[in-house]
């Protein structure tokens with residue numbers, strides 16, 4: 001509640017990082033310290049602490065470093081690709097059965113040998129659609145990029 005009005009706040013992302021639940025808010029640096037955002041962030045921090053989660057604020061300063069922005073731009077090129085349901089299912093099945101840390105190259109080799117480009121297109125489309133996870137920070141996306149299944153419960157933080 002704020003000034004006797006129920007308020008709602010939903011952060012931008014929920015992620016699992018090294019087994020820990022993390023809520024992430026993305027804001028331009030210049031908006032971080034506004035009164036309204038400080039109230040929202042304090043509420044989210046308390047909500048997270050009560051559950052043993054972490055709350056993180058990310059600004060354009062962090063997003064635009066390394067390869068993250070470049071990789072996100074690459075993934076957007078695959079947003080409207082059509083995904084064959086059979087290939088999609090085969091990729092998910094491979095990831096479910098494989099050891100963590102499978103690369104795009106390994107997925108392509110095992111799912112559809114000889115059709116690496118098609119499998120890569122599906123993997124990048126699925127990553128854009130948040131069906132699977134790719135490492136976005138350490139290097140440009142390549143055949144050596146590791147892929148993992150996405151396990152993400154939906155979460156809403158309320159500021160009542």
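Could you list, ordered by first residue, the pairs with Cβ atoms under 7 Å in which the first is in the stretch 78-93 and touching a residue at least 12 places away in the same chain (Cβ under 8 Å) and the second is assigned to a loop (DSSP other than H, G, I, E, B), at least 6 apart or interchain?
Final answer for the pair search is 87/112.
Of all helices (runs of 4 or more DSSP H) completely enclosed by the stretch 48-151, which ones contain at least 1 residues that are crowded, with 16+ Cβ neighbours inside 10 Å and not assigned by TED's automatic domain parsing to the domain that holds residue 23? Quick ask: steps written out before the conclusion?
On the way: elements: 60-63, 68-76, 85-97, 104-111, 116-128.
The qualifying helices (runs of 4 or more DSSP H) are 68-76, 85-97, 104-111, 116-128.
Scan the stretch 11-33 and give yes if some residue there is in contact (Cβ under 8 Å) with a residue 24 or more places away in the chain, in contact with a helix residue (DSSP H, G or I) (Cβ under 9 Å, 6 or more places away or on another chain), part of a helix (DSSP H, G or I) and at negative phi, otherwise no.
So far as the stretch 11-33 goes, yes, one or more of its residues are in contact (Cβ under 8 Å) with a residue 24 or more places away in the chain, in contact with a helix residue (DSSP H, G or I) (Cβ under 9 Å, 6 or more places away or on another chain), part of a helix (DSSP H, G or I) and at negative phi.
Which of the residues belonging to the stretch 117-144 are over 23 Å from residue 85 (Cβ atoms) and out of contact with any strand residue (DSSP E or B) (no Cβ under 8 Å at 6 or more places or on another chain)? Before the answer, list the steps.
As a first pass, look at the stretch 117-144 and keep what is over 23 Å from residue 85 (Cβ atoms): 135-144.
Result: 136, 137, 138, 139, 140, 142.
Filter the stretch 34-47 down to the residues that are without any contact (Cβ under 8 Å) to a residue 40 or more places away in the chain and under 30 Å from residue 135 (Cβ atoms) and list them by number.
Here is the first cut: in the stretch 34-47, the ones without any contact (Cβ under 8 Å) to a residue 40 or more places away in the chain are 34-38, 41-42, 45-46.
Within the stretch 34-47, 37, 41, 45 meet the criteria.
The values are calculated or read from the model by the stated rules, or taken from the named source; none is laboratory data. None of these values were measured; they are calculated from a predicted model. Backbone-built Cβ (ideal geometry, glycine too); neighbour counts: all protein chains shown.
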